Amino acid sequence: MRTPVQSAGMAGDGDLLRRLEAREPAALEVIYGRYSAYVMGISLRILGSREEAEEVVQDVFWQLWKATLRYDPARGRFSTWLFSVTRNRCIDRLRASARAPARADGSELGLLATDDDQEVEAYQVERQKEVRAQLELLSDEQRQAIELAFFRGLSHVEIASTTGEALGTVKSRIRRGLLRLREGLERPREVTP
């Protein structure tokens, strides 16, 4: 006989979110187990502080439990939505403290708890490698604008001010860069023996 957590652990994200809306603690436990390292990694990279990153993780999952965060599957994958929620929470923290984002060094990222679901962890690691590889294919200007926007949390106006470029140029670089990233990530991968 399976425990509620074991039963929930085999469910997909959509089913888990429906169970979470029905206030099943086992669903939250499984979602946390699947995605807490992912949320922690994003938070740590943006905030550069383990303590603050832990607070963001707690806040994101608490808000999920309270049902004040609403995921709409028609708008994209859960992990993409969770990335946006986490990034926004981190940016809110940075703005509230009126400080520039710090970049975490690799040593902190290596201390993250490993996920019990090795498939999810392996997928996330591979996807991160793919994103990094695609970022390297962008022009220096596009890559810089995207990194400032998504990893440093700067607005388009702040990026224009930082780089000395026109606002329209910054917006165009981000848009074109994101389109190229999407195309590169959607392209079928070649499997090497």
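Where a number appears in this text, it was derived from the coordinates with a stated rule and is not lab data. This one's a predicted model, so the numbers in the text were calculated from it and none came from an experiment. Counting neighbours? That spans all protein chains shown, and the Cβs are built from the backbone with ideal geometry, glycine included.
A Cβ-based charge dipole, computed about the Cα centre of the range 37-94 with Lys and Arg at +1 and Asp and Glu at -1, lands at about 280 debye.
The calculated FRET efficiency for Ala133 paired with Ala96, based on their beta-carbon distance and R0 = 45 Å, is about 0.85.
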